[in-house]
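Read through the structure below, which is laid out as structure tokens, and then see the notes.
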Amino acid sequence: MTLPIVAVVGRPNVGKSTFVNRLIQTQDAIVHPASGVTRDRSYHRTDWNGREFMLVDTGGIEFTTDDRFGDSIREQAVVAAQEADVVVFLVDGSVGIATGDAEVAELLRRQKTPVFLAVNKLDTPGREEAIHEFWNLGLDQPWAVSAIHGHGTGDLLDAIVEALPEVEAEPETEAIGVAIIGKPNAGKSSLYNKLLGVERAIVSEVAGTTRDAIDTVLEREGRTYRLVDTAGLRRKSQIDESVEYYGFVRAMRAIDRADVALLVIDVETGVTDQDQRIARFAEERGCGMLIVLNKWDLLETPEEKTELVARLPDKLGFVGFAPVVRVSALKGTGVHKILPMISTIHDAYSQEISTSALNRLLTDLRATGHTISKGGKHLRMKYVTQTGTRPPVLTFFANHPRMVDANYERYLENRLRETFDFSGTPIKLRFRQKN
């Protein structure tokens, strides 16, 4: 079902993210007293009285600002308002009409979209008279609300859902969750925009531009993908801003929800310790993985390219199951290969292998005689079956499961990968006692 969209817009620091969190009943939107915290537009699915809709949090609209991202933030907010079915224009009732409110109101009056003027921060009941001056903005009835305490939000939501267009229900399609991860300034947002074909995320050379994890659903060739652009993951010692910490938490949540992680590596700096840590985050959480070598066009000689690829097993050997793709997110070179590769990885990540096929392999392995002997005991693998997917979990039943060491486990994984297509997915091996 294509849900109707409600966009929340307004100047910086009027409480848009708090308002969004109040309506969706979670803390998904980052809330912070500093202005400019929300930069991209972020989408949140919610409902009121049985009507589902998509709520969009946007960055503060400023027409005069020293923020280097100010123009991009304003453009993102305007795009959100243009694509919305209903717009909520949030203003700060504690200060009255402020500089910039009239300009935003003028911008919204030019559109045909229904606009609800919500006067926020009226936290004390009985202060509703403070809304009267906002009639001067020319946007019909002002609505008194308190995003912190929830006063007035129910009445406003009643009016919003009444103004939403009716939509026809469509069969629900399972989306492949894809988290785009990497260190700051590796090109994640450029890749995200190129995959979508629109300027969905703000792209800048300044590290730390993306602070929220942004979800967008994309359909290509019969498959549905939920792409999540995440904040760049820095070393913990470098996460010194509380806002950036929240971005880090959002990125980790995005990895937890993902089926496949795109690890974006800046080839100009090569594979760093930070890239290794980020890959470890995803691997520990059981994500499928595709390694994206970005800015490939900036390597000038074949020798540089060969050397970089040759170092990958040393740097990222613990995720050696991950395929590698070479792209230029800025120019679009090689990006067309990514979605088909994600689809292949997801198929491997979700597959179920028959017990008979697994035990045929185990029979062949026993025939080689390769096993472990210790203290007069010999390890005998008796039976194997798949006990989980996403990622695949294979459980081996043996006479002495505690004898299995890391080397033997690696041997089993290598034989499994040679026999079955586990491209791009980790495998979890479990060992149980069978008398």
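The values are calculated or read from the model by the stated rules, or taken from the named source; none is laboratory data. Every value quoted in this text rests on a predicted model; they were computed, and no experiment measured them. Backbone-built Cβ (ideal geometry, glycine too); neighbour counts: all protein chains shown. Only protein heavy atoms, including side chains, enter the accessible area calculation; ligands, DNA and RNA are left aside. Shrake-Rupley method; radii C 1.70, N 1.55, O 1.52, S 1.80 Å.
Scanning segment 331-343 for residues that are touching a helix residue (DSSP H, G or I) at 6+ places or on another chain (Cβ under 7 Å), over 30 Å from ASP297 (Cα atoms) and either in a helix (DSSP H, G or I) or hydrophobic (A, V, I, L, M, F, W, C) (or both) turns up nothing.
In the condition set (1) under 18 Å from the mean Cα position of the chain (by Cα); (2) at pLDDT 85 or above, ARG45 is compliant with all but (2).
Whenever a residue of segment 9-33 is modelled with pLDDT of 80 or more, its partners that are buried (at least 24 other Cβ atoms within 10 Å of the Cβ) and basic (Lys, Arg), lying with C-beta atoms within less than 7 angstrom and at least six residues away or across chains, give the pairs GLY10/LYS16. State which residue is nearest to TRP143 (Cα to Cα) when the search covers only segment 99-112 and only residues that are open to solvent by 30 Å² or more (accessible area, probe 1.4 Å) and in contact with a strand residue (DSSP E or B) (Cβ under 8 Å, 6 or more places away or on another chain). Filtering segment 99-112 for residues that are open to solvent by 30 Å² or more (accessible area, probe 1.4 Å) and in contact with a strand residue (DSSP E or B) (Cβ under 8 Å, 6 or more places away or on another chain), the one nearest to TRP143 (Cα to Cα) comes out as ARG109.
If you go through segment 164-175 one residue at a time, do you hit one that is surrounded by 24 or more Cβ atoms within 10 Å (Cβ to Cβ) and either at pLDDT below 80 or closer than 20 Å to MET289 by Cβ (or both)? So far as segment 164-175 goes, no, none of its residues is surrounded by 24 or more Cβ atoms within 10 Å (Cβ to Cβ) and either at pLDDT below 80 or closer than 20 Å to MET289 by Cβ (or both). Can you find, within segment 100-122, the residue that is farthest from PRO12 (Cα to Cα) among those that are of a type in the set (Val, Ile, Thr) and touching a Phe, Trp or Tyr at 6+ places or on another chain (Cβ under 9 Å)? Filtering segment 100-122 for residues that are of a type in the set (Val, Ile, Thr) and touching a Phe, Trp or Tyr at 6+ places or on another chain (Cβ under 9 Å), the one farthest from PRO12 (Cα to Cα) comes out as VAL115.
Taking first residues from segment 302-325 that are within 24 Å of VAL260 (Cβ to Cβ) and free of Cβ contacts under 8 Å to residues at least 12 places away in the same chain and partners that are of a type in the set (A, V, I, L, M, F, W, C) and in a helix (DSSP H, G or I), the Cβ contacts under 9 Å between residues at least 6 apart in sequence or on separate chains come to GLY320/LEU312.
If you go through segment 330-367 and pick out every residue that is among the hydrophobic types (A, V, I, L, M, F, W, C) and either under 23 Å from the mean Cα position of the chain (by Cα) or surrounded by fewer than 16 Cβ atoms within 10 Å (Cβ to Cβ) (or both), you end up with 10. Among residues of segment 44-58 that are within 19 Å of PHE89 (Cα to Cα), those with a beta-carbon under 6 Å from a residue that is of a type in the set (Phe, Trp, Tyr) and surrounded by 14 or more Cβ atoms within 10 Å (Cβ to Cβ) at least six positions away or on a different chain give the pairs MET54/TYR43; VAL56/TYR43.
Taking segment 319-329 as the region of interest, how many residues are farther than 14 Å from ASP266 by Cα and either of a type outside the set (Phe, Trp, Tyr) or open to solvent by 60 Å² or more (accessible area, probe 1.4 Å) (or both)? Final tally of qualifying residues: 4. Any idea which residue in segment 406-425 is nearest to MET341 (Cα to Cα), counting only those that are touching a Pro at 6+ places or on another chain (Cβ under 9 Å) and among the polar types (S, T, N, Q)? Here the residue is SER423.
Number of residues in segment 330-388 that are under 17 Å from ALA398 (Cα atoms) and of a type in the set (Asp, Glu): the value is 1. All conditions but one from (1) touching a strand residue (DSSP E or B) at 6+ places or on another chain (Cβ under 9 Å); (2) at pLDDT 85 or above; (3) surrounded by 13 or more Cβ atoms within 10 Å (Cβ to Cβ); (4) part of a helix (DSSP H, G or I) apply to ASP155; the one that does not is (3).
Of the residues TYR383, TYR411, TYR349, which is in contact (Cβ under 8 Å) with a residue 24 or more places away in the chain, touching a Ser or Thr at 6+ places or on another chain (Cβ under 6 Å) and either within 22 Å of GLN433 (Cα to Cα) or part of a helix (DSSP H, G or I) (or both)? Answer to the check: TYR349. In segment 420-435, of all residues being of a type outside the set (A, V, I, L, M, F, W, C) and touching a residue at least 60 places away in the same chain (Cβ under 8 Å), the one that is farthest from VAL324 (Cα to Cα) corresponds to LYS428. Kindly check whether there is at least one residue in segment 379-402 that is touching an Asp or Glu at 6+ places or on another chain (Cβ under 8 Å) and open to solvent by 70 Å² or more (accessible area, probe 1.4 Å). Yes, the conditions are met somewhere in segment 379-402.
Residues are listed down the side, and each one gets a yes or a no for (1) in contact with a Leu (Cβ under 6 Å, 6 or more places away or on another chain); (2) under 23 Å from ALA282 (Cβ atoms):
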position: ILE338; (1), (2): no, yes
position: ALA357; (1), (2): no, no
position: GLN386; (1), (2): yes, yes
position: THR389; (1), (2): no, yes
position: LEU416; (1), (2): no, yes
